[in-house]
Structure formats: C-alpha cells, structure tokens
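The values are calculated or read from the model by the stated rules, or taken from the named source; none is laboratory data. What you are looking at is a predicted structure, and each value in this text was computed from that prediction instead of being measured. Positions of Cβ are generated from backbone atoms using ideal geometry, with glycine treated the same way; all protein chains shown enter the neighbour counts. SASA here: full protein model, heavy atoms, side chains in, ligands and nucleic acids out. Shrake-Rupley method; radii C 1.70, N 1.55, O 1.52, S 1.80 Å.
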Amino acid sequence: MSDPILSLRGVSKRFGGVRALVDVDADVHEHEVLAVVGDNGAGKSTLAGVLAGAYRPDAGEVLLDGRPVVLGSPAAARALGIAAVFQELALVDDLDVVENLFLGHETRRGPLLDEVAMEREAWRLLDQLAASVPTVREPVRALSGGQRQVVAVARALLGSPRVVVLDEPTASLGVRQTAEVLNLIVRLRERGHAVVLVSHQAGDLQAVADRILVLRLGRVHDVFDGDASYEDLLAAMTGAVRPGAVRPGAKHPGPNRAVRR
Amino acid sequence: MTAQTHTTGSGLPAGGALSGAVWQRMRGGSSLLPIVAALVGIWLILGAVNPAFLAPENLVNLTLQSAPVGVIALGVVLVLLVGEIDLSVGSLSGLAAAVVAVGSVTLGWPVALAIAVALACGAVVGLAYGALSTRLGLPSFVFTLAGLLFLAGVQLRVLGPLGSINLPFESWFVRSVQQGFLPAGVAWALVGGTVVASAVLQVVARARRRRADLACASLPQIVVRTAVLAAVLSGIVAYLYLGSARGLGWSVVLFALLVVITDVLLRRTRWGRSVRAVGGDRRAAMLAGVPVRRTVVLCFVVCSTLAALGGVLAAGRLGAANQGTGGADTYLVAIAAAVIGGTSLFGGRGSAWSAVLGVLVIQSIANGLTLMNVDQAARYMVTGAVLLLAIIIDMLLRKRREA
Ligand SMILES: Nc1ncnc2c1ncn2[C@@H]1O[C@H](COP(=O)(O)OP(=O)(O)OP(=O)(O)O)[C@@H](O)[C@H]1O
Ligand SMILES: [Mg+2]
C-alpha cells in the first residue's frame, strides 16, 4: 500500500481527568476508507477532532505526507486539505444553507460575495447528495435533523479536500440519503481521496470500510479488515473476548489487547 | 433618514411565492419593518400633539441631533452582532471630543491632525478590548465597564482644570458640522443617482440569476421596489429642503454614508458573514474555519473608532468639548438605539440600519417631548418604556419566527 497521507503517532489527549485518547497510532491512506468504531465515549470524536484541527493533541504528532504538521485550527486543517463533518455538525442556525455551506471560504467576485456562484454550487452539491432541502435560502434552524446533516456533509466536500473526516454522518439520515452519502464516500475513494468515517451503523461499515479501527477507552484496541464480521467488531468494542477475533488480514495487531481497566 | 427607504424598499412583501433573492432580502428587512412602522406612528402622534414637531426645520434639527449618537450606535450594532457589548462608547466619545479640543486649541495642532489622533485613540482602545476579549477571554460587559470609568477619568485629565474648551467658530471643522449642508441640487442628484444605480444593480443581478437558473425577482417586483425607493428618497429630500429648511447637514450625510457602507460590508462581504456567524454560534463558526478572533477584534476596533468619531461630531456640533461631552446617558442611548432598531442583544441578528431607526426613535421622542416642554425626567421614563416595548416586540417576533 502507498504511504499514508495523514498519520497519528502516539497521540494522547486529555480533557481534565478524562483520558480521551491514549497513545493512538493511525494511518489514513489515499483510495481508502478508514472506519472508526467504538463504544460511546471511546474517543472517536476526539480522534476526528484531532485529525480535523479542532483539538490539539497533548502528546504525539500528526504527520501529513510523512512530515509533522500542527493543525492549529479547523481552518488550518482545511487549508492543508483536511475537511470534516463534526458530530455536532457545527452549523450556524441563523445563517441560511448557502451561507453555512460556504462559511469561512466564500466565493467572491472582486471584494463582494458571489451569491449566484455559491447558490448554484450549493444546489449542485445538494442534488448530488439527493438532499431534499426545499430552499437554500432558509436559515438552517428551520431544517430537519437529517437535512442539517446533509448540509454539513455537503460542506465538507466543498473544494474537494484530500482527506474527509466524517463523524457519524449518517446518524440521522433516511435510507435514501444514507445510500447517497455512502455512494459518495465510495466515489471519493475512487477519486483517490482518503476518508475517515466514524460510524455506529453496521451497514455503513460493511458497505464502504476498507479498514476498521476499533477504539476502546481511548486506545486503539484493534484494526480489522473491512470485511470483518459485526460480531467480531462488537466483541472488540465491548471487550467480550472471542477466540479468533484477530483476523489474519488485520494490518496492525492491536497493541493494547489486554487493556481493560 | 434614508433608513426608511431601505427598509420599505427591500422589505416589501413581494406577494406570491418568495423567490430566493426576495426571501433573502426580506429576512434582512423583516426585523426592521415593525420599527419603521413604530417610527411613523411616533411621528404621527408627536405631530398630532404638536404640529411644530413635523415642521421641516425641526426635522432638520432632529437629523442633526441624531447624527453623532447615531454614529456611535452604528459601532454598537457591530459589537452586538458579534455577540459582545461595549459600555464605554460614551466615555470614549467624550475623550475623543476632549482630544480634538485640546489638540487643536491648547496645543495648536491642525484640526485634521487632532481628529486623526482622536480616531486613533478610539482604534487603540478597541484593539485593547479585542485583546482582552479574545486572548484573555474576559466578558466584554465587565472590561468595557472598567473602560467606561477609566476613559471618563482620562477625559477629565485631558481636559485639565478648566473642564471645558471652546473650539474656534471659524475653523472649517466647526463650520461644516454646524452650518454645512448639502446643496439642494446635489441632494437631488444623489437621489437620482441612487435610484438609477439601485434599478440597474437589481436588473443586472436578476439577469445573472436567470442565466444561472436560480430563482429571481420578477420585473414588476423590481419596478415596485425602485418606485418605492424613489418615492421615499425624494420625499425626504423634498421635505427637508422645503421653504427655508436647511436640508441635509454634512454630519448627517456622513452618518448615512457610514451606514450604507457598513450595510454593504455586513451583507455582501466575507467579513460581514463572519460577523454574523461568530455572533450566531461562535464554536460552529470556529469549526467552519472562520477567523473568530480577528473578526471579534475588528468589531471592537471599528466600534471604538466610530464612538470616537461620534464624539468628534458632537464636539463640532457643540463647538466645544467639556466634562459632560459623551457623559450621562450617551452610551445608554447608543445601546438602546441599536436594540430598539432591532439588533439582538444576543448576537448574530441585526442590521446597520437599526442604528438609524433606533436613534431616530429615541431622538424623536426626546425632541418631541422637549417641544412640549416636558422635563428630562419624563423623557427618560418614556424612552425607557419604549426600549422595554422594543425588546418585548423583538422577543415575540422571534418566538413566532422560530415556532
Ligand atoms: N470537550 C470536551 N470536554 C471534556 N471532555 C470531553 C470533551 N470531549 C470529549 N470528552 C470526553 O472524552 C471522552 C471521549 O469522548 P468522544 O466524544 O471522543 O467519544 P465518542 O467515541 O465520540 O462517543 P460517542 O459515540 O458518544 O460520540 C468522553 O469521556 C468524553 O466525556
Ligand atoms: Mg462522538
């Protein structure tokens, strides 16, 4: 396999007394969907946040193309080609759909905003995601949970970033929108993007994951191949040890197999 | 004054389906519509009680009284939009007035230099506030309260033992603020230019949107909007230049210009969008990649600079700077004006035009009650009641919108 685009090396992150991430190693490759699974509170969103520049790790480093980088802010990560959909979506309720989609990187015509270009691009992206948003000039507070989520996903795809980090992007989507988002993830992979997908949905994982990283209590518990059975994953996430859970194809045998405190 | 123009022009219910563009403009205008109605109501009542209130010359006075505090309120709108507040704008305006007077009279600087120094003082104070807010994370309510006291002290120290300094009447600055008026011909040319420009811009925008296959305003809508704009603007100019009335003072023109510029910046630039995003949801804005700190700092700087400019205009209007300049209720009037004009105290929602409308409401009440020989006490009480009413209406409207 090619060299990873984005890597975490020994990354740790605490929130007060909570150790959200402990000595995490992870690699994200081109042409690959890396799924991240784990129980509630396992540190998945924290991992996504570190990758997307929302959190600075306390220890360890982030490598982009093998070189250490500091992702000081989501804007900095974005500038380096890493975009994210955060679990809490991070939409501004008072702004409308177009305004939210382009927030922070608006299209301009001279010094002024180019509303026409932005609105057209917004429709294109939303249609691609089969989003059923009635109007793009509605404040997002008026949208349903699923519509908001589609808007957040669409925003991450703007400007075709190299790495797309998606934290539970399908959690409140309907069947059709979920299928479209998964389709899109597959298309992103085909186009050579790297995708990090945090998800609880077994269906999502089976459909798109190339590798599955299992987090438990902030540690990388195991890394499975994409075709790992859900029972194996469940066992790894919850710690119910099942003989044979380690598949021969696993890229990184979990370093912390015995962690259970 | 041009305020009404804008709101009636852009907030006009289009009838039928709301196309994208119209909807967008309506959202900007929707919070302004009730306050325009309230302002008209207040004028009708005051005019009915005392016809002298509606005399052209009195309305000219009203605009002249409104300009300095209006400029300050415009700055307050910006800090409110970004979810902060500045309680020290009054003291700062007083300090700026003192700097202009001391600089140009006591120290003998050219007036322009004294004004520049005063504005620079404002910018520096704003920069300090921005740093306190974004670097130390202090609440602006607290540090601008400290600033209020501190700057009032500095103002007294700058003015020195005399406590009052008169500006020479013959200086170009005092003359233009007190007696400088836009010639009627120029005012009419401006009206014509504005109406034509607005129509052209709307037609061009419509053509672009049509080519892009996006919803756009219909031609009749554009015609109606342009007609309303033309009617309101020419109504204002015709009235203010009626008979011996002096018309639009330079300070009023400056205020209107600043409002138009701020309005365009807020609605049509990346910076303006950042301001609304940061005020609406700071964390979401940060995660979306908005430069939150820079946006907040800039709002404080612009607010303080405008507050200083308001003080400069007040000094010019009074022909003097004294210990009372910018004192007492200045900051309360400025903040109340922004809120009465429909800018939310909680950030994210508001418009540059709310400074105009809010100030006109407050100054109309003050002016009208003064004409009726009502004392200061009653004026405060009425203004307070209006502020409360404005907040209640704002809340009710917002609840309905969000329901
Ligand atoms: N901003 C924060 N402040 C304090 N503690 C936090 C913060 N974010 C996360 N934590 C803590 O870090 C741990 C990991 O949280 P994280 O959000 O990464 O979990 P998760 O795997 O995404 O869970 P979920 O499946 O519920 O989304 C949790 O114990 C949580 O309480
Ligand atoms: Mg999470």
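Basic side chains Lys and Arg get +1 at the Cβ, acidic Asp and Glu get -1 at the Cβ, and with that the dipole of chain B about its Cα centre reaches some 1560 debye.
Maximal additional length on extending the B:THR194-B:LEU388 stretch stands at 66.3 nm, based on 0.36 nm per residue less the C-alpha distance. Comparing Cα centroids, the stretch B:74-124 and the stretch B:176-224 end up 33 angstrom apart. The residue among A:ALA130, B:VAL69, B:ILE165 whose Cα reaches farthest toward the positive pole of the charge dipole of the protein assembly as shown, with charges on the beta-carbon of Lys, Arg, Asp and Glu, is B:ILE165.
Which FRET efficiency, nearest 0.05, do B:GLN179 and A:ASP65 yield, Cβ-Cβ r, R0 56 Å? Could you put the intermediate results ahead of the total?
Details: r = 68 Å, r/R0 = 1.21.
Computed FRET efficiency for B:GLN179 and A:ASP65: 0.25.
Using C-alpha pairs below 8 Å separated by at least 6 residues, the relative contact order for chain A is 24 percent.
For chain A, with only Lys/Arg (+1) and Asp/Glu (-1) charged at the beta-carbon, what is the dipole magnitude about the Cα centre, in debye rounded to 20? Before the final figure, lay out the partial values.
Details: 30 positive and 33 negative charges, 137 e Å.
The dipole magnitude comes to about 660 debye.
Over the stretch B:96-232, the ratio between the Cα radius of gyration and 2.2 N^0.38 Å evaluates to 1.69.
Among B:168-181, A:154-167, how do they line up by average Cβ neighbours within 10 Å per residue, starting with the highest?
Details: B:168-181: 15.6, A:154-167: 21.5.
Going by the mean number of other Cβ atoms within 10 Å, highest first, we get A:154-167, B:168-181.
Just the number, please: percent antiparallel of the DSSP beta bridges in the protein assembly as shown, rounded to the nearest 5.
Numbers: 28 of 47 bridges.
Roughly 60 percent of the DSSP beta bridges within the protein assembly as shown come out antiparallel.
Its residues counted as N, the protein assembly as shown yields a C-alpha radius of gyration over 2.2 N^0.38 Å of 1.13. The mean number of Cβ atoms from other chains found within 10 Å of a Cβ in peptide A:108-117 is 5, as a whole number.
Remark: chain B carries 41 Å² of accessible area per residue (probe radius 1.4 Å; ligands, DNA and RNA excluded). In order along the stretch B:85-99, the Karplus-derived 3J(HN,Hα) couplings, from 6.51 cos²θ - 1.76 cosθ + 1.60 at θ = phi - 60°, round to 8, 10, 7, 9, 4, x, 4, 5, 5, x, 4, 4, 4, 4, 4 Hz, and Gly and Pro are given as x.
For a test of the definition: using alpha carbon positions, the gyration tensor, and the 1.5 limit on a/c, classify the stretch A:5-95 as rounded, prolate or oblate. Rounded.
Can you tell me the alpha carbon radius of gyration of the stretch B:159-250 divided by the globular rule-of-thumb value 2.2 N^0.38 Å? All intermediate terms of the calculation are to be shown ahead of the outcome.
Working: Rg = 21.1 Å, N = 92, 2.2 N^0.38 = 12.3 Å.
Relative to the rule-of-thumb radius for its length, the stretch B:159-250 sits at 1.72.
Amide H contacts of B:TRP109 (H built 1.01 Å from N, in plane; Pro and chain starts excluded): B:SER104 sit under 5 Å, all sequence-distant by 5 or more or on other chains. Once both labels are positioned 7 Å from their Cα atoms along Cα-to-Cβ, the gap between A:GLU231 and B:ALA238 label points is 8.7 nm.
Using a simple spin-label model with pseudo-atoms 7 Å out from Cα toward Cβ, B:ALA128 and B:GLU57 lie 4.5 nm apart. Residues in the stretch A:94-105 carry Karplus couplings, in order, of 6, 8, 7, 4, 4, 4, 5, 4, 9, 4, x, 8 Hz; the curve used is 6.51 cos²θ - 1.76 cosθ + 1.60 with θ = phi - 60°, and Gly or Pro positions show x.
Sum up the charges of everything whose Cβ sits under 11 Å from the Cβ of A:PHE102, counting Lys and Arg as +1 and Asp and Glu as -1, but leave A:PHE102 out. Net charge around A:PHE102: -3. Approximating the spin labels as points 7 Å out from Cα along Cα→Cβ, the B:SER164-to-A:VAL18 distance works out to 6.3 nm.
What FRET efficiency would be calculated for the residue pair A:THR238, A:GLN128, taking the C-beta separation as r and a Förster radius of 45 Å, to the nearest 0.05? Show your work: numbers first, answer last.
Details: r = 37 Å, r/R0 = 0.81.
Working from the Cβ atoms, E equals 0.75.
When Lys and Arg each count +1 and Asp and Glu each count -1, what net charge do the other residues less than 13 Å away from B:GLN178, Cβ to Cβ, add up to? Intermediate results must be reported in sequence, preceding the final value.
Numbers: positive: B:ARG175, B:ARG246, B:ARG317; negative: B:GLU170.
Within the 13 Å Cβ shell, the charges total +2.
For A:ALA84, the residues 5 or more places off, or on other chains, whose built amide H falls under 5 Å of its own are A:VAL165.
Rounded to the nearest 20 debye, the dipole size of the protein assembly as shown about its Cα centre is 280 debye, using +1 on the Cβ of Lys and Arg and -1 on the Cβ of Asp and Glu.
With a 1.4 angstrom probe, the accessible area lost at the A-B interface totals about 2900 Å².
For the stretch A:6-228, the extents of the C-alpha atoms along the principal axes are 46, 38, 34 Å, listed from largest to smallest. Projecting the Cα atoms of A:LEU182, B:VAL154, B:GLY137 onto the charge dipole of the protein assembly as shown (Cβ charges, centred on the Cα centre) puts B:VAL154 farthest toward the positive pole.
Counting only heavy atoms of the protein chains and using a 1.4 Å probe, B:ASP329 has close to 50 Å² of accessible surface.
Counting Cβ atoms of other protein chains within 10 Å of each Cβ in A:86-94 and taking the mean gives 6. The 3J(HN,Hα) values that the Karplus relation (6.51, -1.76, 1.60; θ = phi - 60°) gives for the stretch B:216-226 are, in residue order, 9, 5, 7, 4, x, 4, 5, 4, 4, 4, 5 Hz. Gly and Pro appear as x.
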